[in-house]
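Asker: Would you mind keeping the following structure in view while I ask a few things?
The values are calculated or read from the model by the stated rules, or taken from the named source; none is laboratory data. Since the structure is predicted, the reported quantities are computational estimates derived from the model, not experimental observations. Glycine also receives a Cβ, built like all others from the backbone with ideal geometry; neighbour counts cover every protein chain displayed. What goes into the accessible areas is simple: the full protein's heavy atoms, side chains included, and nothing from ligands, DNA or RNA. Shrake-Rupley method; radii C 1.70, N 1.55, O 1.52, S 1.80 Å.
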Amino acid sequence: MQLWLIPILPLAGFLINGLFGRRFSKGLINAVAIGSVVLSFAWVLKTIFGLGELSAPYTEHYFTWIQSGIVNIGCDFAVDRLTVVMLLVVTGIGSLIHIYSIGYMAHEGGYYRFFAFLNLFMFFMLVLVLAANYLVLFVGWEGVGLCSYLLIGFYFDKKFATDAGNKAFIVNRIGDFGFSLAIFYMVKNLGSLDFATVFQRAPGASEAVLTTIGLLLLLGACGKSAQLPLYVWLPDAMAGPTPVSALIHAATMVTAGVYMTARSWPIYTHAPAAMDTIAIVGIATAFFAATIGLAQNDIKKVFAYSTVSQLGYMFVGVGCGAFSAGIWHLVTHAFFKALLFLGSGSVIHALAGEQDLRHMGGLRKKTPWTFLTMMCAAVAIAGIPPFSGFYSKDAILLAAHQHAPWMYWLGVVTAGMTAFYVFRAMFLAFFGDYRGHEHAHESPPVMIAPLAILALLSLVGGFLFNVPHFLAALFPALAESEDVSLMAISVAAGLAGVALAWLMYVARPGMADSLAAGLRGLYTWVYNKYYVDELYDAAVVKPVVNGSRVVLWKGVDAGLIDGSVNGVGARARNLGSVLRLMQSGSIRSYATWVLFGSVVLIVAMVAVEISLVGGAR
Amino acid sequence: MRDYSLFSFMDHILSIVLFTPLAGLLVLLFIPSSKPRAIKLWANAISLAGFLVSLPLVFNFDHTRDFQFVEKAAWIPTLGATYHIGIDGLGLLLVMLTTLLGFLSILSSWSAVHERLKEYYAFFLLLQTGMLGVFMALDLLLFFVFWETVLVPMYFIIGIWGGPRRVYAAIKFMIYTLIGSVLMLLGILTLYFQHYRQFQLYSFDYADLMHTQLSPAVQWWVFWAFFVGFAVKVPMWPFHTWLPDAHVEAPTAGSVILASVLLKMGTYGFLRFSLPLVPDASRNQTVVGIMVFLSIVGIVYGALASLMQKDWKKLVAYSSVSHLGFCTLGIFALNPAGMSGSIIQQINHGISTGMLFLIVGVVYERRHTREIAEYGGLLKVMPIFTLVFGLAALSSMGMPPLNGFIGELTILGGAYQEKVMWAFWAAVGIALGAAYLLWLFQRTMLGEVNEKNRTLKDLNWREIAIFAPLIVWAFWIGLNPQPYFRVLDRPVAQIVERVRPGYYAAHRLPNPLEPAAPQTQAAR
């Protein structure tokens, strides 16, 4: 089926634009970048239709990559139904965001660079989802991280942007540290990295081994998917251009952790402790990030914390054994969160770069299409039936209730907060009076069209794409339960959130400020994101940096080691003044050294001969 | 007749590779100093020739055999020393690294050096022969002579063409390595006389000395004698403090050769001599524990120290300490994965750190400062240079699908098989590696353009030509490391089976030394 074409097309786009894009016209750059991704999407569709039912994975082997000792790793791609879902999301949403970027990036410098990096990202992301073993997956995993770094720091002359890029990369490295140890653990205990072999051998391995592997993989997933305690990079990552936030930091890359853990289900189902940990990390992150989202004023920051929170839901799904529900939420989230980001991009574009909600307001008349489409995303994420988010969130919450009722209740509270902060942002941006100074204008059709398609998907994506049904044969079945009252409670929580937001930001605009003033301490704490960044800085970054300078380099190197050979050093300096005389005639001094060496040689030989042979007698 | 001449060329190919630089040096001495261009052209031509004549080694190498292209002739019969050279897969890779990097570093000096050109290039050519000899010699006295030969030109390259504190750095380098080599010599002589006691035959020959039966006590002392020599060269923590000084003061080409090739003499020494000649001492738990401890300290320490540097070149120098820690860790994992990973990582370090030093050289030639704070925003004025630096940094931090990833992964895999904690700490070093390189990249390449850098010129064609082969090589190892693993299968198996007899059988691995060993083809 030529699976390799799927990632190679964007790679070709990257190479062409990267090497020659500087001399290309914008039209040509667009044609290469968007053409390659759309062709890749088309090839995905053709592959899917060509593969039919896909009751068993379809694998292609290209070449042996590393074979050393027991390790035998091929460059292999495989497609099963889970891959199909991911491929469609990545290339489908990817195509839309590429098209949107034509309009959004029209006035930015580094146009070709932007599209080249975006294409490179598509390449690595597709390698990640097509991989048939953990090492090829890891290549994609590292690659998307690199592209994320490059695109977060796209405005490379801004220090905050490059700082954010570094932070993303280094925090992800901490996660990758876990991932790579998991890989070694797998090689040692399961003897392979191929998905098929590992999953076949997993049931035979001890629970301790599988739990360790599962937890190490989870550490990797926490880095990539921005879960507690490694979520700190994602909000900062919003320093990148908004299409990047939509594609990489909402719809695709950050869901790689969810994909990877769901993919590894045969390991997790035999490691209940690891699975519980996933669920707990997920629900804690979902709740924690949602509370921060309540108080943010930067529109992109609101959606960033929302992404962290929604990713937490997906982990809850995976951790509760409802793998397909997690993936379902991954899909619907890709629709509505990409739309929210692209929509906020449209707002930012309209307001010439303004991102602060306090300087917006009343935009629904000036940017009606943006408003309408974003509203579709808002109702979807709020979990209002029958829109897409409702289906997937409901499936996760039901599974959570079966797993542990407290998780369900925490999830419901989070759902209420989600509805509140999203509608808070919507009301602040689009209702009331305009509070800024820019002359707002609606975005061009090339940006609106992707918004419209995503809006449609956000509305109907839930019942149009029944992901759990599609994946039913792949994952272990979960006991069926249709509890209408549980569903009603979560919907009610969402509606309550919307109503509260309406009350506080439209009906009684002064209420929010007086509430914030009333809860001064709590508000400041939440507004400053619980000071987690400051805590990490004081507890980790500063000690490492200062410790290295003062203790290691200045202390140990210069003081201890060099100090202890100081006697030699002092003599060296004296010797140096003698040797300096020899520098004029280098050939002569060379001869001197040879002579010196020979003397040393002879003395040493005699010494050893005496000691050894003499000793033997 | 033609066949015969070709045949004899291949018979002496190794000597030809070894002495091409030396022959070039002799001719160079007759070029008058008043003709700098002729000197440069000749030095570049001869080093290119040195690389080209080494290419047949690759094409004629047979990975199913041990030492190849062997030449043996009488040298000092009374001492039992012979001119005995030959290479196996380990030697092949290091010889190729030397011939390529030797050429590239001489090419990189074109516009960097203006004084005493003749001596400068003469020392480089002498250095070249010395290093090649180290990687080829199968006679321990011959090895020692080449080992010492390397010391002298390097001393002068640092001491004459170096920076402001060059004399201090050169002497520090000299004293450290001299102490190391004196002890190493004592080790060699111990082996030599032990062999005489057992066989009544004076021989420095590698194969002969392997037959000597050594008591554990003798092995123990010989190991530590060798250790000082090799550990200083690598350099292992805490013998590394000569390295940052030497690198900072050395001219660019000197740093490149020092990092890319010279340090590998230490790791090569462990693999070729310490492990096979004193196997019982090498697998001693205490020895392994100490070696691994020093390696891991080196990895983490080097990375943390890099984080703190304000001098671009010193940062790269400390990163070498970290990377070489991976190499020694792989060696003392004493298993096939660790060792082959270590050797591949030695090549990788030659490529990536060589590039990083060349990169410092490029900006130093333009701005005459290595202060990181003096730079910033170079992406705007030097985009091609930024791309090259980015690739070098990615290669150095082990980003797939570049070469560093393969080396680190295999070493960590080997370490993991022995002790989980070894891999754990080494993996910490990998995470830190990203930190110091990204931070360096941010401070130099990104941000606002400093006024003083606004007029800097991007890479010219000569500079691109220097980086291009290294970048291609980095991708090659990253994407298709198979040929490297195959070439290393046998030499690594020889060492592993010598240190831990029966290792392959005990671990149910196909032993590359057994002729009919079928290649494992995992069913797919």
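Asker: Please report, ordered by residue number, every helix of chain B (full DSSP H runs) that is 18 Å or longer along its axis going by C-alpha atoms and whose mean Kyte-Doolittle hydropathy reaches 1.6.
Answerer: B:13-28, B:89-108, B:140-161, B:285-308, B:383-396
Asker: Okay, next question. When the chain is fully extended, how far beyond the present Cα-Cα distance does A:E534 get from A:A404, taking 0.36 nm per residue of separation?
Answerer: My answer for the length gained is 43.4 nm.
Asker: Sort A:W265, B:W221 by heavy-atom solvent-accessible area, probe 1.4 angstrom, most to least.
Answerer: The ranking, largest first, comes out as B:W221, A:W265.
Asker: In the range A:5-89, carbon and sulfur make up what percent of the accessible area (probe 1.4 Å)?
Answerer: 71 percent
Asker: Would you mind giving the average projected area, over all directions, of the Cα convex hull of the range A:12-156 in nm² with one decimal?
Answerer: Approximately 9.8 nm², given one-decimal rounding.
Asker: Give the peptides A:462-470, A:183-191 in descending order of average Cβ contacts within 10 Å, highest first.
Answerer: Packing order, densest peptide first, comes out as A:183-191, A:462-470.
Asker: Another question, then. Name the residue from B:F424, A:L190, B:F270 whose Cα lies farthest towards the positive end of the charge dipole of the protein assembly as shown, charges +1 on Cβ of Lys and Arg and -1 on Cβ of Asp and Glu.
Answerer: It is B:F270, whose Cα lies furthest towards the positive end.
Asker: Right, another one. Just need the Rg to Rh number for the range A:13-77, please, alpha carbons only, Kirkwood Rh.
Answerer: Result: Rg/Rh = 1.19.
Asker: Could you give the angle, 0 to 90 degrees to the nearest 10, between helix A:111-130's Cα long axis and the longest principal axis of the Cα atoms of chain A?
Answerer: The two axes meet at around 90 degrees.
Asker: Here's another thing I want to ask about it. Expressed in nm², what is the orientationally averaged projection area of the convex hull enclosing the Cα positions of the range B:231-377?
Answerer: Its average projected convex-hull area is 8.4 nm².
Asker: Oh, and also: Send over the per residue convex hull volume for the range B:153-215, Cα only, as a whole number of Å³.
Answerer: 91 Å³
Asker: If eta is 1.567 mPa s and T is 4 °C, what Stokes-Einstein diffusion coefficient results for chain B, Kirkwood Rh from Cα pairs, in µm²/s? Intermediate values should be presented prior to the final figure.
Answerer: Working: Rh = 23.3 Å.
Estimated diffusion coefficient is 56 µm²/s.
Asker: Taking each pair of distinct Cα atoms in chain A once, what is the resulting Kirkwood hydrodynamic radius in Å?
Answerer: Roughly 26.4 Å, rounded to one decimal.
Asker: Looking at the range A:394-436, what % of the alpha carbon pairs are farther apart than 12 Å?
Answerer: Across the range A:394-436, Cα pairs with separations above 12 Å total 65 percent.
Asker: At a temperature of 25 °C and a viscosity of 0.890 mPa s, determine how fast the range B:157-288 diffuses translationally according to Stokes-Einstein, using the Kirkwood radius over alpha-carbon pairs as Rh; express D in µm²/s, rounded to the nearest whole number.
Answerer: Stokes-Einstein gives a translational diffusion coefficient of 155 µm²/s.
Asker: Keeping all protein chains in place, calculate the accessible area per residue for chain A (probe 1.4 angstrom), answer in Å².
Answerer: Roughly 37 Å² per residue, with all protein chains present.
Asker: Let me ask another. Once you compute Rg and the Kirkwood Rh from C-alpha atoms, what is the Rg to Rh ratio for the protein assembly as shown? Write down the numbers at each step before the final one.
Answerer: Working: Rg = 32.0 Å, Rh = 31.6 Å.
Rounded to two decimals, Rg over Rh is 1.01.
Asker: Turning to a different aspect of this structure: Show me the ranking of peptides A:80-91, A:334-345, A:400-411 by mean Cβ neighbours inside 10 Å, starting with the highest.
Answerer: Values: A:80-91: 23.3, A:334-345: 30.5, A:400-411: 19.6.
Answer by packing, highest mean first, reads A:334-345, A:80-91, A:400-411.
Asker: Using the Kirkwood radius built from alpha carbon pairs, what does the Stokes-Einstein equation give as D for the range B:91-203 at 37 °C and 0.692 mPa s, in µm² per second?
Answerer: 207 µm²/s
Asker: Additional query: With just the Cα atoms of the range B:259-334, tell me how far they stretch along each of the three principal axes, in Å, largest first.
Answerer: 44, 24, 12
Asker: Using only the alpha-carbon atoms, how far is helix A:5-20 inclined from the longest principal axis of chain A? Give it as 0 to 90 degrees, nearest 10.
Answerer: 70 degrees
Asker: In the range A:231-315, what percent of the accessible surface is made up of carbon and sulfur (1.4 Å probe, ligands and nucleic acids excluded)? Don't jump to the answer; show the numbers that get you there.
Answerer: Details: 750 of 1090 Å².
Solvent-exposed carbon and sulfur of the range A:231-315 make up 68 percent of the total.
Asker: What would the Debye equation give as log₁₀ I(q)/I(0) for the range A:410-456 at q = 0.25, 0.30, 0.32 Å⁻¹, counting only Cα atoms as equal point scatterers?
Answerer: Scattering profile of the range A:410-456, log10 relative to I(0): -0.96, -0.99, -1.02.
Asker: Another question, if that's okay. Suppose accessible area is computed on protein heavy atoms with a 1.4 Å probe; arrange B:T20, B:T267 from highest to lowest.
Answerer: Sorted descending by solvent-accessible area, the residues read B:T20, B:T267.
Asker: Let me ask something else. How much accessible surface does A:K46 have with a 1.4 Å probe, in Å² rounded to 10?
Answerer: For A:K46, solvent-accessible area is about 110 Å².
Asker: Continuing with this model, one more query. Counting only Cα, what are the radius of gyration and maximum Cα-Cα distance Dmax of the range B:358-448, in Å?
Answerer: 15.9, 49
Asker: Moving to a separate point now. Return the average number of partner chain Cβ atoms within 10 angstrom of each residue Cβ along peptide B:28-39.
Answerer: Counting other chains' Cβ atoms within 10 Å and averaging over B:28-39 gives 0.
Asker: Now, a different point. Quick check on my link table: of B:K380/B:K452; B:K233/B:K313; B:K35/B:K118; B:K40/B:K313; A:K301/A:K542; A:K158/A:K300, which ones sit more than 21 Å apart, alpha carbon to alpha carbon?
Answerer: On the way: B:K380/B:K452 13 Å; B:K233/B:K313 19 Å; B:K35/B:K118 9 Å; B:K40/B:K313 26 Å; A:K301/A:K542 26 Å; A:K158/A:K300 18 Å.
Checking Cα-Cα distances, B:K40/B:K313; A:K301/A:K542 exceed 21 Å.
Asker: To continue, here is another question. Compute log10 of I(q)/I(0) for the range A:449-511 with the Debye formula, placing one identical point scatterer on every Cα and leaving out solvent, at q = 0.17, 0.21, 0.24 Å⁻¹, to two decimals.
Answerer: Here the Debye-derived log intensity ratios amount to -0.93, -1.01, -1.02.
Asker: Oh, and also: Compute the helix-to-body angle for A:26-51: its Cα long axis versus the longest principal axis of chain A, expressed 0 to 90° and rounded to tens.
Answerer: 80 degrees
Asker: Could you work out the helix-only [θ] at 222 nm for the protein assembly as shown, with each DSSP H run of four or more residues adding -39,500 (n - 2.57) and the total divided by the number of residues, to the nearest 500 deg cm²/dmol?
Answerer: -23000 deg cm²/dmol
Asker: Could you sort A:M275, B:M10 by their accessible area in this structure, using a 1.4 Å probe and putting the largest first?
Answerer: Ranked list, largest accessible area first: B:M10, A:M275.
Asker: Rounded to the nearest 100 Å², what's the accessible area chains A and B bury against each other, both chains counted, probe 1.4 Å? If you can, show how the numbers build up before the last one.
Answerer: Working: alone 26240 and 20440 Å², together 39620 Å².
Result for this pair: about 7100 Å² buried.
Asker: Counting only protein heavy atoms and using a 1.4 Å probe, what share of the accessible area of the range B:237-381 belongs to carbon plus sulfur, as a whole percent?
Answerer: Accessible surface attributable to carbon and sulfur in the range B:237-381 totals 59 percent.
Asker: Taking every Cα atom in the range A:292-385, find the radius of gyration and the maximum pairwise distance Dmax, and write them in Å.
Answerer: In order Rg, Dmax, the Cα atoms of the range A:292-385 give 14.5, 46 Å.
Asker: Next question, about the same structure. Between the range B:226-252 and the range B:186-217, how far is it from one alpha carbon centroid to the other, in angstrom?
Answerer: 29 Å
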